[in-house]
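Student: Please find one structure pasted underneath; my questions will follow.
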Amino acid sequence: MAAYDKADLERRMAGAVEALKGDLAGLRTGRASTALLDPVTVEVYGSHMPLNQVATVSVPEPRMISVQVWDKSNVGPVEKAIRSAGLGLNPINDGQTLRLPIPDLTEERRKELAKLAGSYSEKAKVAVRNVRRDGMDSLKLDEKKGVFGEDDRKRLETEVQKLTDATIAEIDVAASAKEKEILGK
């Protein structure tokens, strides 16, 4: 195990928060967002490409996503990819542009999504705690190797714990904001 590296712990904890934010952005909240279509890949020119490499995705209205397909011959494959992505969106074909009205969420679906947001945040917290454990282990190892004494180890452990607490608080803020958005409160 490597020596204690605070920057590495910070980077890994920040990575867990970024992954959570990415997961949360993909949850449909009844408001249009270009992030909703990030997971969509389109089969064009004999290969699978991300939607944003064959079209411009924009949000002209709060409840509408517009997909401007660059090559007219790709409109069909793009429409098919969006329909089969399991997002519950039905594209309206306007020639080279697809309009995607965002339907209202049912109360039941809102609760499911809020629960999903909660499970995403729990997954991020577990990742952060794993990073914390790695940090604490490397501190104990460094103390054994004589890199520093017990006082320094305790001081650094407090630092790691503060970093962990701050990161978990950040996760809670992000998750509760998303749950409020989903539940429309």
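Student: Would you point out which residue out of Glu108, Glu181, Glu122 is assigned to a helix (DSSP H, G or I), acidic (Asp, Glu), modelled with pLDDT under 90 and exposed (fewer than 14 other Cβ atoms within 10 Å of the Cβ)? Walk me through it before giving the result.
Tutor: On the way: Glu181 fails: exposed (fewer than 14 other Cβ atoms within 10 Å of the Cβ); Glu122 fails: modelled with pLDDT under 90.
Sole residue among the options that is assigned to a helix (DSSP H, G or I), acidic (Asp, Glu), modelled with pLDDT under 90 and exposed (fewer than 14 other Cβ atoms within 10 Å of the Cβ): Glu108.
Student: Now for a different question. Say whether the condition of being surrounded by fewer than 18 Cβ atoms within 10 Å (Cβ to Cβ) and at positive phi is met by at least one residue in the stretch 60-82. Walk me through how you get there before you give the answer.
Tutor: Residues of the stretch 60-82 surrounded by fewer than 18 Cβ atoms within 10 Å (Cβ to Cβ): 60-64, 68, 70-73, 76-77, 80.
Pick out the ones that are also at positive phi and you get none.
No; the residues of the stretch 60-82 include none that is surrounded by fewer than 18 Cβ atoms within 10 Å (Cβ to Cβ) and at positive phi.
Student: Still on this model: Only strands (runs of 3 or more DSSP E) wholly contained in the stretch 1-80 count here; list those with 1 or more residues that are in contact with a Pro (Cβ under 8 Å, 6 or more places away or on another chain).
Tutor: 41-44, 64-69
Student: Any chance you could count how many residues in the stretch 54-83 are more than 14 Å from Asp38 (Cα to Cα) and among the hydroxyl-bearing types (Ser, Thr, Tyr)?
Tutor: Adding up the residues that qualify gives 1.
Student: Where the second residue is β-branched (Val, Ile, Thr) and surrounded by 13 or more Cβ atoms within 10 Å (Cβ to Cβ) and the first is touching a residue at least 40 places away in the same chain (Cβ under 8 Å) and over 11 Å from Ile65 (Cα atoms) and lies in the stretch 89-113, which pairs have Cβ atoms under 6 Å and are six or more apart or on separate chains?
Tutor: Here the result reads Arg110/Ile182; Leu113/Ile182, each pair linking the stretch 89-113 to a residue that is β-branched (Val, Ile, Thr) and surrounded by 13 or more Cβ atoms within 10 Å (Cβ to Cβ).
Student: Return yes when Arg153 is surrounded by fewer than 18 Cβ atoms within 10 Å (Cβ to Cβ), among the basic types (Lys, Arg) and modelled with pLDDT of 90 or more and no when it is not.
Tutor: Details: surrounded by fewer than 18 Cβ atoms within 10 Å (Cβ to Cβ): no; among the basic types (Lys, Arg): yes; modelled with pLDDT of 90 or more: yes.
No, not satisfied.
Student: Of the residues Leu37, Leu9, Leu20, only one is open to solvent by less than 20 Å² (accessible area, probe 1.4 Å) and more than 30 Å from Lys162 (Cα to Cα); which?
Tutor: Working: Leu9 fails: more than 30 Å from Lys162 (Cα to Cα); Leu20 fails: more than 30 Å from Lys162 (Cα to Cα).
Being open to solvent by less than 20 Å² (accessible area, probe 1.4 Å) and more than 30 Å from Lys162 (Cα to Cα) holds for just one of Leu37, Leu9, Leu20, which is Leu37.
The values are calculated or read from the model by the stated rules, or taken from the named source; none is laboratory data. Quick caveat: nothing in here was measured; it's all calculated off a predicted structure. Quick reminder, even Gly has a Cβ in these numbers, built from the backbone with ideal geometry, and neighbours come from all protein chains shown. Only protein heavy atoms, including side chains, enter the accessible area calculation; ligands, DNA and RNA are left aside. Shrake-Rupley method; radii C 1.70, N 1.55, O 1.52, S 1.80 Å.
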